[in-house]
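The values are calculated or read from the model by the stated rules, or taken from the named source; none is laboratory data. Keep in mind that what you see is a predicted model, and the values were worked out from it rather than measured. Note that we place each Cβ from the backbone using ideal geometry, even for glycine, and neighbour counts take in every protein chain shown.
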Amino acid sequence: MPVDQELVGRTFPPTRPYEVTEEKVRDFTEATAGEYAGGAAPPTYPIVVAFDAMNAFLEAVSVDLFRIVHGNQKFAYERPVVPGDVLTATLTVTSLRQIAGNDIIGTTSAIKDQTGALVCTTSATLVHRGAA
Amino acid sequence: MSAQPTLETQTYTITRADLVRYAEAGGDHNPIHQDESVAASVGLPGVIAHGMYTMGLAARAVTTWYPGAEVVSLGCKFTNPVVVPADGGVEIEVAGEAKDADGLTTVSLTVTCAGQKVLGMPKAVLRASGR
């Protein structure tokens, strides 16, 4: 079932606040072939919060995660993420196209800290693979 | 203008166990990264690595080349899936080329698996630091 065109421009509620801890950053760093010596998280770490927003979005539009393949991802950073940050992601649907039975869903998530300051903006294209 | 350093190509091996670990750390439990039958049911050639895992390795190469540098932006397309076999692993190579302009260093990456590009136009922009 194709995703509803009326979603374009819709902004979903912010995700539940996510507390960044040294332990979480260490796990993520080590899981991406690195060693953590304290300080800033790896550049792709904000995906953890963006992914929460994506999951909430998929649930809201009744799309199964296993039908989603990642098309592209871009991060624009205001500053690095550091332990002690409490982050939320607010996702907006920016575009929607149908190609060869797949929905190509463009999204942008604003990731903010506990003061409301923008930490990074991340955009993603999600490919929703239709039933075979 | 300082001369650009030679960026030594970085090689990473991805195993199924790495995908399990990344799923835990990154919170992405999409079964297409674990389960052969689910992957096949959506037309994938096998269990594939999380795109964000491959992108994370590309970012790892950049932070290896430029430790401590401030990253301004990072992006890529996921053009070819990285199929991870049940036994052993698959190798990913990350090569980079850097250019300086207006106080920023742009690192254009080439990320390949078995000689085939898996990311489209992967690129990181860094604030020029001491290096």
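Brief remarks follow.
- Residue A:106 over 30 Å from residue B:68 (Cβ atoms), without any contact (Cβ under 8 Å) to a residue 24 or more places away in the chain and surrounded by 15 or more Cβ atoms within 10 Å (Cβ to Cβ): yes
- Residue check, residue A:12 closer than 24 Å to residue A:116 by Cα, surrounded by 15 or more Cβ atoms within 10 Å (Cβ to Cβ) and aromatic (Phe, Trp, Tyr): yes
- Verdict on residue B:29 being at pLDDT below 95 and either surrounded by fewer than 16 Cβ atoms within 10 Å (Cβ to Cβ) or touching an Asp or Glu at 6+ places or on another chain (Cβ under 9 Å) (or both): yes
- Residue in region A:68-84 that is modelled with pLDDT of 95 or more, within 13 Å of another protein chain (Cβ to nearest Cβ) and farther than 23 Å from residue B:122 by Cα present: yes
- Scanning region B:32-75 for residues that are of a type outside the set (A, V, I, L, M) and surrounded by 17 or more Cβ atoms within 10 Å (Cβ to Cβ) yields B:33, B:50, B:51, B:53, B:54, B:56, B:60, B:63, B:65, B:66, B:73, B:75.
- Out of A:19, A:6, one residue alone is modelled with pLDDT of 95 or more and either of a type in the set (Ser, Thr, Tyr) or more than 13 Å from the chain's Cα centre (by Cα) (or both). It is A:19.
- Residue in region B:4-21 that is on the phi > 0 side of the Ramachandran plot and touching a helix residue (DSSP H, G or I) at 6+ places or on another chain (Cβ under 8 Å) present: no
- Residues that are aliphatic (A, V, I, L, M) and not in a loop (DSSP other than H, G, I, E, B), drawn from region A:54-80: A:54, A:56, A:58, A:60, A:65, A:68, A:69, A:76
- When B:32, B:92 are screened for being in contact with a strand residue (DSSP E or B) (Cβ under 8 Å, 6 or more places away or on another chain), over 28 Å from residue A:79 (Cα atoms) and more than 8 Å from chain A (Cβ to nearest Cβ), only B:92 passes.
- Residue B:85 meets all of the listed conditions (1) of a type outside the set (Gly, Ala, Ser); (2) more than 19 Å from residue B:10 (Cα to Cα); (3) within 14 Å of chain A (Cβ to nearest Cβ) but one, namely (3).
- Here region A:39-54 is the region considered, the condition is being within 11 Å of chain B (Cβ to nearest Cβ) and either surrounded by fewer than 18 Cβ atoms within 10 Å (Cβ to Cβ) or of a type in the set (A, V, I, L, M) (or both), and the residue that is farthest from residue B:69 (Cα to Cα) is A:54.
- Residues that are outside any loop (DSSP other than H, G, I, E, B) and touching a helix residue (DSSP H, G or I) at 6+ places or on another chain (Cβ under 9 Å), drawn from region B:94-131: B:94, B:95, B:96, B:98, B:107, B:109, B:111, B:113, B:119, B:122, B:124, B:126
- Residue within region B:59-75 that is over 25 Å from residue A:25 (Cα atoms), within 13 Å of chain A (Cβ to nearest Cβ) and at pLDDT 95 or above present: no
- The set of residues in region A:85-102 that are within 13 Å of chain B (Cβ to nearest Cβ) and in contact with a strand residue (DSSP E or B) (Cβ under 6 Å, 6 or more places away or on another chain) comprises A:87, A:89, A:102.
- Sole residue being in contact with a Lys or Arg (Cβ under 9 Å, 6 or more places away or on another chain), of a type in the set (Asp, Glu) and either buried (at least 17 other Cβ atoms within 10 Å of the Cβ) or over 24 Å from residue A:121 (Cβ atoms) (or both), chosen from B:87, B:100: B:87
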